[in-house]
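The values are calculated or read from the model by the stated rules, or taken from the named source; none is laboratory data. Keep in mind that this is a model prediction, so the values were computed, not measured. All Cβ positions, even for glycine, are placed from backbone atoms using ideal geometry, and neighbour counts span all protein chains on display.
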Amino acid sequence: MPVDILSRLKAGPMLCDGAMGTLLYSKGVFINRCYDELNLSNPEMIRGIHHDYIRAGAEIIETNTFGANSFRLGRHTLADKVAEINRVGAQIARAEADEHNAIVAGSVGPHAINLGNFICKRMPP
């Protein structure tokens with residue numbers, strides 16, 4: 001039976017998962033790799049991390065989509081896969097959450113554009 005998050009929150013605090021990137025790194029996935037792309041190339045690893053967090057007591061898990069936007073994925077020539085990576089990331093988390101009556105939250109990170117690189121010119125009066 002699905003969890004009603006508002007009713008559950010009224011009952012007390014909820015435990016959420018932790019840092020997906022940190023766990024991926026600890027499993028040998030280096031920081032030069034696109035962690036979000038692992039939704040497509042290694043969904044078993046991503047689902048396993050969700051599973052481990054739920055086993056540890058997490059009631060809310062986040063999708064593996066923190067950097068799944070066109071700017072960040074573009075650094076890995078994956079900008080054309082934004083929708084697919086996000087969809088699959090949600091499906092992986094949802095599949096694991098459904099088995100354990102957990103809640104899925106979408107992870108959305110910053111676009112990672114350094115605004116200092118843009119030149120702003122003052123318009124004349």
- prompt: Does L15 meet the test of being of a type outside the set (D, E, K, R) and at pLDDT below 95?
  reply: no
Hits in region 70-86 (condition: assigned to a helix (DSSP H, G or I) and surrounded by 15 or more Cβ atoms within 10 Å (Cβ to Cβ)): R72, L73, K81, V82, I85, N86
statement: Listed by range, helices (runs of 4 or more DSSP H) wholly within region 1-57 having at least 1 residues that are within 15 Å of the chain's Cα centre (by Cα), closer than 13 Å to A93 by Cα and small (G, A, S) are 43-55
task: Look through region 16-54, keep the residues that are of a type in the set (F, W, Y) and surrounded by 15 or more Cβ atoms within 10 Å (Cβ to Cβ), and return whichever of them is nearest to A105 (Cα to Cα).
output: Y53
query: Mind checking whether some residue in region 21-28 is in contact with a Leu (Cβ under 9 Å, 6 or more places away or on another chain), free of Cβ contacts under 8 Å to residues at least 24 places away in the same chain, closer than 25 Å to V82 by Cβ and not β-branched (V, I, T)?
result: no
task: Considering only residues that are at pLDDT below 95 and more than 17 Å from I49 (Cα to Cα), look in region 77-110 and name the one that is farthest from the chain's Cα centre (by Cα).
output: P110
- prompt: Taking the condition charged (D, E, K, R) and either touching a helix residue (DSSP H, G or I) at 6+ places or on another chain (Cβ under 6 Å) or modelled with pLDDT under 95 (or both), does E44 pass?
  reply: no
task: Sort through T77, T63 and tell me the only one that's in contact with a Gly (Cβ under 9 Å, 6 or more places away or on another chain), within 21 Å of H111 (Cα to Cα) and of a type in the set (S, T, Y).
output: T63
